[in-house]
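One structure is given here, and the rest of the page talks about it.
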Amino acid sequence: MSAVEDIKHQLEVATTHYEKCLEKLEKFMEGEKLYRLEELKKNLREKEDVDEKQRKKWIEEKEELQEEVKELKKSKDRWELQIEKLQDHFIETNKTGNDFVT
């Protein structure tokens, strides 16, 4: 496989991963998980008459959901960066050493 074909393949793989990650993030942000996260934050802010066991459960669930969205955002950013690097590398590879580029 030539360098250009290899870069194209890597770019396709990275794009596929990015799209899947973006889909998961959008599903989180538009779905019940975001609603649940907001509900937990509101409960923790407003409900003072709740026993400590319930409050602890809410805190743990809130932290899990926050960590999940944080990881999805980090993954999305990593794939965006990888795609950008591959695109730059593809452009550079086609510029240098290609006899057909004028």
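The values are calculated or read from the model by the stated rules, or taken from the named source; none is laboratory data. Since this is a predicted model, take the numbers as computed values, not measurements. Reconstructed Cβ throughout: ideal geometry from the backbone, glycine too, with neighbour counts over all protein chains shown. Note: accessible area is taken over every heavy atom of the protein model, side chains too, but ligands, DNA and RNA are not part of it. Shrake-Rupley method; radii C 1.70, N 1.55, O 1.52, S 1.80 Å.
In the calculated pair-distance distribution of the chain, the portion above 20 angstrom amounts to 57 percent of the Cα-Cα pairs.
Hey, can you find the accessible area per residue of segment 32-102 for me, probe 1.4 Å, expressed in square angstrom?
Working: 5810 Å² over 71 residues.
So segment 32-102 comes to 82 Å² accessible per residue, rounded to a whole number.
For the pair residue 78 and residue 57, a Förster radius of 41 Å applied to the C-beta separation gives a FRET efficiency near 0.80, rounded to the nearest 0.05. Placing a pseudo-label 7 Å from each Cα along the Cα-to-Cβ vector at residue 64 and residue 88 gives an inter-label distance of 3.9 nm.
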